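Enquirer: What follows is a structure written as structure tokens; I'll ask about it next.
The values are calculated or read from the model by the stated rules, or taken from the named source; none is laboratory data. A quick note: this is a predicted structure, and the numbers were derived from the prediction, not measured. Ideal geometry is used to build each Cβ from the backbone, glycine not excepted, and the neighbour counts take in all protein chains shown.
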Amino acid sequence: MEKTFVFDFDSTIMQVEALDMLADINFEGNPQKEHLIKEFKSITDLGIDGEISFTESLSRRLGLLDIKRSDLDMLTEKLKQKISKSFEENKPFFEKNAENIYIISCGFKEFIDDIASDFAIPTERVYANTFVFDEQDKIIGFDTENVLSKHNGKVDCLRNLNLKGEIQVIGDGYSDFVMKEAGIADKFFAFTENIERLKAIENADHITPTMDEFLYINKLPRNISYPKHRIKILLLENIHSDAFDKLSKDGFTVETVSHSLSEEALIEKIKGIHVLGIRSKTTVTEKVLAAADKLMAIGAFCIGTKQIDLEASKRNGVVVFNAPYSNTRSVVELALGEIIILMRNILDRNNELHAGEWNKTATGAQEIRSKKLGIIGYGNIGKQLSVLAESIGMDVYYYDIADRLALGNATRCQSLEELLKVSDAVSIHIDDQPKNHNFFGKKEIAMMKKGAVLVNLSRGFVVDIPALKSALESGKISGAAVDVFPVEPRVNGAFETELQGLNNVILTPHIGGSTLEAQKDIASFVPKKILSYINNGNTVDSVNFPSILLPSQDKVHRFLHIHENVPGVMAKINDILLNYNMNITRQYLATDSTVGYAIVEVDDDYNEDAIEALKNIPNTIKFRVLY
């Protein structure tokens, strides 16, 4: 059955009510502007919700204005900047279906026509009110004979058109629903991208947050294959609110939980989730991934990814991103600050004063200038610490199993022993590989200079805690700062460690990267990677997937194919496209030892049978149509 689509204009095609914007223009410079705007908008809402007749609403609003025809030109230009995002993105739908699209609005043709023409909707299919002007082009009223100037005018307007087939109405207000209520429209879609009106939502056949949803329900061509609001994102562990804002603003449905979840709880919660965001306390196991029926990506809002089974994620076609750089400055500043505190013997003086004892002395207090800092692990954090430490006068030595180029005047040590023998302070910044378990124990401590200090801001299992305690008690090490522990609680509360009670130890609860600036940076970096993957298929900076970076393209169709890395898969993809006469415009493939990841663009509309065939290629892990 042929379908006809009837669109409202204000707060539907537009993000705003056009007359409200006209009022804003008219009241500019008026000292009572705020009060007048509030009154104007309240009258608008009364009319939209059917609390007063539209004729009364329109008369009362125009009675507040003093406007000329020239003001409408300014209004039109402003309105062109306020077109609803999802309408702008789906202009091809309007161009292809122009003969079946109407605008029925209680707004005014004087500003609607110009915008409608941009959507290939001609003036003869735009039904709206018209202004009445005096000889000086001042607006003095509206055409009271126009059916749309009257109460329930949309009903009479649509009835008079005598349209055939299924009629669907898309609007934001109760005044749009009445066309279905009167029996002359078959379906009413409550459009909520710009505003949610309760009376419209309560009476809708479908609630459509975007045009993508409307087109998806009707199985019509659209800008993206799957409406974004249907993609569910779960953010755990009190991730910075900027992440929620960024992902929500892009149209996704985002839920936040302030704490971590156990494996059992996460298995239950993960069902239906497309993207999972975590920090360091939530463990994503193979069992969790097996229960994740829709999961496409995981964002680790931290540096480490040890808490995620990366290989199982890959086997399940789940791309993982982290934030390897965002909190490096915060960690470095804490390390440097703790080295200063330890070498100045601040802990003893602090404890004495808290106990009521004044002990002004230089005993044990040293400047860090000209002291030797040994950095174990010369990655992003180690390098930045190297630069800052050197800038305040320290001599920097570093050791790394990888071939790392020295920054500034730093000296590379060929062995860990060489570094430990010369260092007055040692700071550990190595990764979470299993081989680093108890990396630093009795043997390494024995190599250190007597009276040196040790800082560990890397991983809790890296340092042998009993060995460290013994060295602190014996005086082999004069002080230590520990931010990470072998076993850490999932939530804030009670905690015990063997190092508690030692006066020469700084203990912090894994807060090396926990600054407002770092969390804000992470909340920007990780969502950008997630959005780039979900929206475009890009996997740059993924920790477990082959890397592809591809900008979005207009007037093409793109799909993603994740498969086991076995011979012949791309040949099968191309054979299917050939069989369905789909021309390839671009094709990219990246592989590793386990998976292949392909992005393919074609210049033809998808054939549903072709999509089904692509999904069912042997060794396929995941298939997704982007647009």
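Enquirer: Conditions first: (1) surrounded by fewer than 20 Cβ atoms within 10 Å (Cβ to Cβ); (2) among the small types (Gly, Ala, Ser); (3) more than 26 Å from Leu342 (Cβ to Cβ). Gly501 passes all but one, so which condition is the exception?
Expert: The one condition Gly501 does not meet is (3).
Enquirer: Scanning for something closer than 16 Å to Val331 by Cβ, modelled with pLDDT of 95 or more and outside any helix (DSSP H, G or I), does segment 471-478 turn up at least one residue?
Expert: The initial filter retains those residues of segment 471-478 that are closer than 16 Å to Val331 by Cβ, namely none.
The answer is no; no qualifying residue exists.
Enquirer: Next up: Going by the structure shown, is Glu444 out of contact with any strand residue (DSSP E or B) (no Cβ under 8 Å at 6 or more places or on another chain) and in the same structural domain as Asp483 (by TED's automatic domain parsing)?
Expert: Answer is yes for this residue.
Enquirer: Among strands (runs of 3 or more DSSP E) lying entirely in segment 518-627, which contain 2 or more residues that are surrounded by 15 or more Cβ atoms within 10 Å (Cβ to Cβ) and among the basic types (Lys, Arg)?
Expert: In segment 518-627, 620-625 are the strands (runs of 3 or more DSSP E) which contain 2 or more residues that are surrounded by 15 or more Cβ atoms within 10 Å (Cβ to Cβ) and among the basic types (Lys, Arg).
Enquirer: Can we say Lys294 is free of Cβ contacts under 8 Å to residues at least 12 places away in the same chain, under 19 Å from the mean Cα position of the chain (by Cα) and on the phi < 0 side of the Ramachandran plot?
Expert: no
Enquirer: Any residue in segment 467-481 that is under 13 Å from Ala452 (Cα atoms) and of a type in the set (Val, Ile, Thr) sitting within a Cβ distance under 7 Å of a residue that is part of a loop (DSSP other than H, G, I, E, B) and modelled with pLDDT of 95 or more? List the pairs, counting only those 6 or more apart or interchain.
Expert: What qualifies is Ile477/Met448.
Enquirer: Any chance you could count how many residues in segment 43-73 are surrounded by 14 or more Cβ atoms within 10 Å (Cβ to Cβ) and within 19 Å of Gln15 (Cα to Cα)?
Expert: 8
Enquirer: Hey, among the residues in segment 1-35 that are among the aromatic types (Phe, Trp, Tyr) and outside any helix (DSSP H, G or I), which one's surrounded by the most Cβ atoms within 10 Å (Cβ to Cβ)? Break it down into steps so the answer makes sense when it comes.
Expert: The initial filter retains those residues of segment 1-35 that are among the aromatic types (Phe, Trp, Tyr), namely 5, 7, 9, 27.
From what is left, the residues that are outside any helix (DSSP H, G or I) are 5, 7, 27.
Details: Phe5: 20, Phe7: 26, Phe27: 19.
The selected residue is Phe7.
Enquirer: Now, a different point. Tell me yes or no: at least one residue of segment 30-49 is of a type in the set (Ser, Thr, Tyr) and within 29 Å of Arg125 (Cα to Cα).
Expert: yes
Enquirer: Can you pull out the residues in segment 181-227 that are part of a loop (DSSP other than H, G, I, E, B), farther than 30 Å from Asn536 by Cβ and aliphatic (A, V, I, L, M)?
Expert: Ala182, Ile184, Ala185, Ala204
Enquirer: Could you list, in sequence order, all residues of segment 347-378 that are under 30 Å from Asp432 (Cα atoms) and among the aromatic types (Phe, Trp, Tyr)?
Expert: If the condition is that a residue be under 30 Å from Asp432 (Cα atoms) and among the aromatic types (Phe, Trp, Tyr), then Tyr378 is the only one that fits.
Yes or no, residue by residue, for (1) hydroxyl-bearing (Ser, Thr, Tyr); (2) in the same structural domain as Pro466 (by TED's automatic domain parsing); (3) touching an Asp or Glu at 6+ places or on another chain (Cβ under 7 Å):
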{"site": "Ala480", "(1), (2), (3)": "no, yes, no"}
{"site": "Glu488", "(1), (2), (3)": "no, yes, no"}
{"site": "Ala494", "(1), (2), (3)": "no, yes, no"}
{"site": "Glu498", "(1), (2), (3)": "no, yes, no"}
{"site": "Leu502", "(1), (2), (3)": "no, yes, no"}
{"site": "Thr508", "(1), (2), (3)": "yes, yes, yes"}
{"site": "Phe525", "(1), (2), (3)": "no, no, no"}
{"site": "Ile534", "(1), (2), (3)": "no, no, no"}
{"site": "Asn538", "(1), (2), (3)": "no, no, no"}
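Enquirer: So the check is Cβ under 8 Å with 6+ separation or different chains; which pairs have a first residue in segment 524-552 that's free of Cβ contacts under 8 Å to residues at least 12 places away in the same chain and more than 18 Å from Gly317 (Cα to Cα) and a second one that's buried (at least 21 other Cβ atoms within 10 Å of the Cβ) and not hydrophobic (A, V, I, L, M, F, W, C)?
Expert: none
Enquirer: Here's another thing I want to ask about it. Looking for something in the same structural domain as Asp49 (by TED's automatic domain parsing), in contact (Cβ under 8 Å) with a residue 60 or more places away in the chain, within 22 Å of the chain's Cα centre (by Cα) and under 20 Å from Gly251 (Cα atoms) - is there at least one such residue anywhere in segment 196-206? Show your work before the answer.
Expert: Kept after step one, since they are in the same structural domain as Asp49 (by TED's automatic domain parsing), are these residues of segment 196-206: 196-206.
If we keep only those that are in contact (Cβ under 8 Å) with a residue 60 or more places away in the chain as well, we get 197, 199.
Among the residues that remain, those that are also within 22 Å of the chain's Cα centre (by Cα) are: none.
So far as segment 196-206 goes, no, none of its residues is in the same structural domain as Asp49 (by TED's automatic domain parsing), in contact (Cβ under 8 Å) with a residue 60 or more places away in the chain, within 22 Å of the chain's Cα centre (by Cα) and under 20 Å from Gly251 (Cα atoms).
Enquirer: Among what's in segment 115-142 and is more than 45 Å from the chain's Cα centre (by Cα) and within 17 Å of Gly47 (Cβ to Cβ), pick the residue that is surrounded by the fewest Cβ atoms within 10 Å (Cβ to Cβ). Give the steps one after another, and end with the answer.
Expert: Initially, segment 115-142 is screened for residues more than 45 Å from the chain's Cα centre (by Cα), giving 132-142.
From the residues that got through so far, the ones that are within 17 Å of Gly47 (Cβ to Cβ) too are 141-142.
Details: Gly141: 14, Phe142: 18.
Out of the qualifying residues, it is Gly141.
Enquirer: Hey, can you tell me all the residues within segment 361-387 that are touching a helix residue (DSSP H, G or I) at 6+ places or on another chain (Cβ under 6 Å) and of a type outside the set (Lys, Arg)?
Expert: Gln366, Ile368, Leu373, Gly374, Ile375, Asn380, Ile381, Gln384, Leu385
Enquirer: Could you run through segment 215-238 and say how many residues are under 23 Å from the mean Cα position of the chain (by Cα) and more than 24 Å from Pro527 (Cβ to Cβ)?
Expert: Residues that pass the stated criteria total 0.
Enquirer: Continuing with this model, one more query. Looking at Ile112, is it more than 23 Å from Ile43 (Cβ to Cβ) and surrounded by 19 or more Cβ atoms within 10 Å (Cβ to Cβ)?
Expert: Taking the combined requirement at face value, the residue does not satisfy it.
Enquirer: Out of everything in segment 150-171 that is of a type in the set (D, E, K, R) and over 43 Å from the mean Cα position of the chain (by Cα), what residue ends up being surrounded by the fewest Cβ atoms within 10 Å (Cβ to Cβ)?
Expert: So the residue we want is Lys164.
Enquirer: Ok, one more. Taking only segment 373-408 into account, find how many residues are more than 23 Å from Asp431 (Cα to Cα) and in contact with an Asp or Glu (Cβ under 6 Å, 6 or more places away or on another chain).
Expert: Adding up the residues that qualify gives 1.
Enquirer: Take segment 194-216 and flag every residue that is touching a Lys or Arg at 6+ places or on another chain (Cβ under 8 Å) and crowded, with 17+ Cβ neighbours inside 10 Å.
Expert: Thr210, Met211, Asp212, Glu213, Leu215, Tyr216
Enquirer: Hey, any hits in segment 279-299 for a residue that's crowded, with 20+ Cβ neighbours inside 10 Å, assigned to a helix (DSSP H, G or I) and not acidic (Asp, Glu)?
Expert: Within segment 279-299, one or more residues are crowded, with 20+ Cβ neighbours inside 10 Å, assigned to a helix (DSSP H, G or I) and not acidic (Asp, Glu).
Enquirer: Additional query: With (1) surrounded by 24 or more Cβ atoms within 10 Å (Cβ to Cβ); (2) among the aromatic types (Phe, Trp, Tyr); (3) at pLDDT below 95 as the list, and Tyr325 as the residue in question, which single condition is left unmet?
Expert: (1)
Enquirer: Being at pLDDT 95 or above, assigned to a loop (DSSP other than H, G, I, E, B), among the charged types (D, E, K, R) and touching a helix residue (DSSP H, G or I) at 6+ places or on another chain (Cβ under 8 Å) narrows it down to one residue among Lys271, Lys246; which is it?
Expert: Lys271
Enquirer: Could you tell me whether Thr620 is polar (S, T, N, Q), over 30 Å from Leu235 (Cβ atoms) and either touching a Ser or Thr at 6+ places or on another chain (Cβ under 8 Å) or not assigned by TED's automatic domain parsing to the domain that holds Leu289 (or both)?
Expert: Here the answer is no, as Thr620 does not meet what is asked.
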